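Let me give you the structure first, and then I'll get to my questions.
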Amino acid sequence: MHRGVDAPRTPAVGGSAAAEQAPAKPPDTGAHLQQRFDALIADDERIEPRDWMPTGYRKTLIRQIAQHAHSEIIGMQPEGNWITRAPSLRRKAILIAKVQDEAGHGLYLYSAAETLGVDREDLLDLLHEGKQKYSSIFNYPTLSWADMGAIGWLVDGAAIMNQVPLCRCSYGPYGRAMVRVCKEESFHQRQGFDILHTLSHGTPAQQAMAQDAVDRFWWPSLMMFGPPDERSAHTAQSTAWGIKRLGNDELRQRFVDICVPQARALDITLPDPDLRWNENRGHYDFGAVDWAELTRVIKGDGPCNEQRIQRRRSAHEEGAWVREAADAYARKHHNSSAAEALA
Amino acid sequence: MTIPPGTTTATARRGWPLWEVFVRARRGLSHQHLGSLHAPDAAMALRNARDVYTRRGEGVSIWVVPSAAISASSPDEKDSFFEPAMDKAYRHPSFYDVPDGVSHL
Amino acid sequence: MSASTTAVPAGDLVRTAFAGYLLGLADDSLILAQRLGEWVTRAPQIEEDIALANIALDLLGQARTLLACAGKVEGLGRDEDDLAFLRDEREFRNVQLVEIPNGDFAVTMARQLIFSGYQYELYRALLTSTDPMLAGLAAKAVKEVAYHRDHAVQWVRRLGDGTDESHTRMQTGLDHTWPYVEELFERAPGVAALPRIAADPASLRPAWDSFIGTVIAEATLTIPQPTWRARGGRAGYHTEYLGHLLPEMQYLHRAHPGASW
Ligand SMILES: [Fe+2]
Ligand SMILES: [Fe+2]
């Protein structure tokens, strides 16, 4: 086990199990440490990696950051699916840059998770074994070019809505990673909107393509905010710890409110007959989300779950000999590596 | 006073070792810690850092340091380690009242 | 840099030769970018997904500049997308090396070593081209390609001098790609008509040979002695592989004639 600068002193083990084995402090100082932690949270201060933290806090963060990192990495696939088929060279370049950004986001986040005493390698194993989740939206297939637009506009849009509050997360490295991610995400959402705008003002076939993509991605995007707060197992404690700043339902409502006028500008109809402005609430009312579908897809029964994990696994397994070779080379050339680094 | 953050040896790890990345955003600024990455050695770590952390021209110079080589102060020693500096408010410019009408100070 | 700064040589023959030369350079970069794009989400490590995507982006940028310029020189009103998406196999002018399938990571790194080594010498030579567009492009591209070449060198060293398995795979990768080397340095049709504008490929060979020789030796590998060689890419004779790459790249653009994206 190899850990980062910020990693805690206690021996960590792989995956989310690390949290269970986290700081076993002498009982006499335990109360004092808990008090200091509570005071930092109460003052809206940041918790940093080497600070003492409750086991549950560490465990929750590891789970959440890892899932987030996995989502970025798995999220490369639905869009990567269109790199070789992009309809213009300009769009091809934008798409490559965007998918590349998502890989970067995954790395920022794995890096943040590693400050909690877990290893990226172990987190990847948990992903490959299906023991850690990723955002269920990426289990839907990308069937047309317009899906690149719908994903950028809706999926990146929903992600931004979720992520902006996380920039103020009580755990310092996660918050800082989210600041970097959010800076890059706004380009993603705009390029998606731009794709849809071009299509919806294009030929009838292109317009139909754009509408179809939004029809397929609208509801799964609303599911990205998670189940209703009253049904969410983690929301209350995460809020108390300053990990989660806003509730699922509030974020979902904000997202709907923002999307409706944008859809109008796109000349695209959102596939919800119940969608209408509610003067009393000052918000748009919208129809019931099919939570059974979310549960089903999260449990593995989505159109692409198998395929997404399979791709990740095979990339990892087929790359093993490359990683081993680099390791072997580093051992052989240990002394010359510093000079070579500068060469 | 300091403790090694990586208490385990490289032989126990799986995958490539972890490197901390520091980037100088532009001339005149110091290198700033941006995060970490995995690489088999320093040469590859530098190259990966360029791709991962400076895709938008965020840097003019990169340092990579094996995470295991960094020593850090212990949080438990925080009081004795940092608090002596806390009462020297005169080291901070905001300690001094600047008279109205004086600028560029 | 704008294509309008190109000093279009006088005379139809020279104009045709120049457009053809630009297309050759453009197609090399375009087709290799397409191949590298196939790696994204499949690389041995996430950091490597990013590195390969970076190289693909650089190559795609070069291709776009060159295609736009070729279109201007040609004077038929074709833009970068017309040239990329509406030409058939026999109209592509790239060398065959860039169109062969990716294979494993060793094959891809062998191809990267050969090709970025070649492109590095090429763009260095074009720094002094009398055509301002080409000289300008070369000034930008030579920096990009220096990085691509370095990336390939790092990996060829590590795979060659890594484990037994990686050594075998890397040597196999070189053996697999070496038949495509000769074609890179062959004088393409028309280049003779473009003195001081184009770079004579044969003149790039000595520097490439010495660079490659050093890397291969450091990596404990041997330079292959292939029994056959590829030929004809610059004249539009390709491998069967290109006929599968192009439909994938072009189908959507072609399915909607005249649409903008
Ligand atoms: Fe992202
Ligand atoms: Fe994104």
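The values are calculated or read from the model by the stated rules, or taken from the named source; none is laboratory data. What you see is a predicted model, and the numbers here were worked out from it, not measured in a lab. Counting neighbours? That spans all protein chains shown, and the Cβs are built from the backbone with ideal geometry, glycine included.
Answer yes if at least one residue in the stretch C:140-154 is surrounded by 20 or more Cβ atoms within 10 Å (Cβ to Cβ), within 12 Å of chain A (Cβ to nearest Cβ) and not basic (Lys, Arg), and no otherwise.
Yes, there is a match, as at least one residue in the stretch C:140-154 is surrounded by 20 or more Cβ atoms within 10 Å (Cβ to Cβ), within 12 Å of chain A (Cβ to nearest Cβ) and not basic (Lys, Arg).
Which numbered condition in (1) at pLDDT 80 or above; (2) out of contact with any strand residue (DSSP E or B) (no Cβ under 7 Å at 6 or more places or on another chain) is the only one that residue B:89 fails?
Every condition holds for residue B:89 apart from (1).
Please specify each residue of the stretch A:138-162 satisfying the condition of being among the acidic types (Asp, Glu) and within 12 Å of ligand 2 (Cβ to nearest atom).
Across the stretch A:138-162, the qualifying residue is only A:156.
Can you tell me how many residues within the stretch C:234-258 are away from chain A (no Cβ under 14 Å) and within 30 Å of residue C:158 (Cβ to Cβ)?
1
May I ask you to list the residues in the stretch B:27-54 that are at pLDDT below 90 and over 26 Å from residue A:122 (Cβ atoms)?
Of everything in the stretch B:27-54, just one residue is at pLDDT below 90 and over 26 Å from residue A:122 (Cβ atoms), namely B:54.
Select, from C:53, C:43, the only residue that is surrounded by fewer than 24 Cβ atoms within 10 Å (Cβ to Cβ) and more than 11 Å from the chain's Cα centre (by Cα).
C:43
Okay, moving on. What pairs come out if I take residues in the stretch C:87-109 that are within 14 Å of another protein chain (Cβ to nearest Cβ) and farther than 27 Å from residue C:76 by Cα and pair them with residues that are among the hydroxyl-bearing types (Ser, Thr, Tyr) and assigned to a helix (DSSP H, G or I) whose C-beta lies under 6 Å away, six or more apart or interchain?
Sorted first by the residue in the stretch C:87-109, then by its partner, the pairs are C:102/C:108.
Select from the stretch A:158-177 the residues that are crowded, with 24+ Cβ neighbours inside 10 Å and more than 10 Å from ligand 1 (Cβ to nearest atom) and write down the one among them that is nearest to residue A:242 (Cα to Cα).
That would be A:169.
Which one of these is under 22 Å from residue C:44 (Cα atoms) and crowded, with 24+ Cβ neighbours inside 10 Å: C:134, C:174?
C:174
Looking only at the stretch B:14-41, which residues are under 23 Å from residue C:157 (Cβ atoms), among the aromatic types (Phe, Trp, Tyr) and in contact (Cβ under 8 Å) with a residue 40 or more places away in the chain?
Hit for the stretch B:14-41 is B:19, nothing else.
I'd like the residue in the stretch B:32-47 that is under 14 Å from residue B:67 (Cβ atoms) and in a helix (DSSP H, G or I) and, out of all such residues, is nearest to the other protein chains (Cβ to nearest Cβ).
B:42
Another one. Mind listing whichever residues of the stretch A:194-210 are surrounded by fewer than 20 Cβ atoms within 10 Å (Cβ to Cβ) and within 27 Å of the chain's Cα centre (by Cα)?
A:194, A:197
I want to confirm something. Restricting to the stretch B:11-26 and keeping residues that are farther than 21 Å from residue A:49 by Cα and at the interface with chain A (Cβ under 8 Å from one of its Cβ atoms), which single residue is modelled with the highest pLDDT?
Here the residue is B:16.
Considering only residues of the stretch A:137-157 that are within 12 Å of ligand 1 (Cβ to nearest atom) and in contact with a Cys (Cβ under 9 Å, 6 or more places away or on another chain), which is farthest from the other protein chains (Cβ to nearest Cβ)?
So the residue we want is A:157.
Mind counting the residues in the stretch A:75-118 that are within 13 Å of ligand 1 (Cβ to nearest atom) and hydrophobic (A, V, I, L, M, F, W, C)?
Looking only at that region, the number is 6.
What pairs come up if the first residue lies in the stretch A:158-183 and is in contact (Cβ under 8 Å) with a residue 24 or more places away in the chain, the second is among the acidic types (Asp, Glu) and within 14 Å of ligand 2 (Cβ to nearest atom), and their beta carbons are under 7 Å apart, counting only those six or more places apart or on different chains?
Between residues of the stretch A:158-183 that are in contact (Cβ under 8 Å) with a residue 24 or more places away in the chain and residues that are among the acidic types (Asp, Glu) and within 14 Å of ligand 2 (Cβ to nearest atom), the close pairs are A:159/A:185; A:160/A:185.
Identify all residues within the stretch A:222-248 that are closer than 28 Å to residue A:39 by Cβ and part of a loop (DSSP other than H, G, I, E, B); write none if there are none.
Result: A:232, A:233, A:234, A:241, A:242, A:243, A:244, A:245, A:246, A:247.
Right, next: Filter the stretch C:229-261 down to the residues that are over 21 Å from the mean Cα position of the chain (by Cα) and either assigned to a loop (DSSP other than H, G, I, E, B) or among the aromatic types (Phe, Trp, Tyr) (or both) and list them by number.
Correct list: C:251, C:256, C:257, C:258, C:259, C:260, C:261.
Moving on. Can you find a residue in the stretch C:71-84 that is within 15 Å of the chain's Cα centre (by Cα) and of a type in the set (Val, Ile, Thr)?
No, there is no match, as no residue in the stretch C:71-84 is within 15 Å of the chain's Cα centre (by Cα) and of a type in the set (Val, Ile, Thr).
With the checklist (1) free of Cβ contacts under 8 Å to residues at least 12 places away in the same chain; (2) closer than 30 Å to residue A:198 by Cβ; (3) basic (Lys, Arg) in hand, flag the one item residue A:332 doesn't pass.
(2)
While we're on this one: Report, by residue number, each residue of the stretch A:98-108 that is within 7 Å of chain C (Cβ to nearest Cβ) and within 11 Å of ligand 2 (Cβ to nearest atom).
The answer is A:99, A:100, A:103, A:104, A:106.
Also, quick follow-up: Identify, by number, the condition in (1) exposed (fewer than 14 other Cβ atoms within 10 Å of the Cβ); (2) assigned to a helix (DSSP H, G or I) that residue A:191 doesn't meet.
Result: residue A:191 passes all but (1).
Additional query: Among the candidates A:116, A:166, A:199, single out the residue that is within 24 Å of residue A:80 (Cβ to Cβ) and either more than 16 Å from ligand 2 (Cβ to nearest atom) or away from every other protein chain (no Cβ under 14 Å) (or both).
A:199
Could you tell me which residue of the stretch A:252-292 is surrounded by the most Cβ atoms within 10 Å (Cβ to Cβ), considering only residues that are under 19 Å from residue A:230 (Cβ atoms) and charged (D, E, K, R)?
Applying the filter and picking the extreme gives A:252.
Could you grab the pairs with beta carbons closer than 9 Å, sequence gap of 6+ or different chains, first residue in the stretch A:184-205 and in contact (Cβ under 8 Å) with a residue 60 or more places away in the chain and of a type in the set (S, T, N, Q), second one assigned to a loop (DSSP other than H, G, I, E, B) and more than 9 Å from ligand 2 (Cβ to nearest atom)?
A:200/A:267; A:200/A:268
Checking residue A:336 against (1) modelled with pLDDT of 95 or more; (2) more than 14 Å from residue A:124 (Cβ to Cβ); (3) hydroxyl-bearing (Ser, Thr, Tyr), which test does it fail?
Failing condition for residue A:336: (1).
Condition check: in contact with an Asp or Glu (Cβ under 8 Å, 6 or more places away or on another chain) and either within 14 Å of chain C (Cβ to nearest Cβ) or farther than 14 Å from residue A:161 by Cα (or both). Does residue A:266 satisfy that?
For residue A:266, the condition - in contact with an Asp or Glu (Cβ under 8 Å, 6 or more places away or on another chain) and either within 14 Å of chain C (Cβ to nearest Cβ) or farther than 14 Å from residue A:161 by Cα (or both) - is not met.
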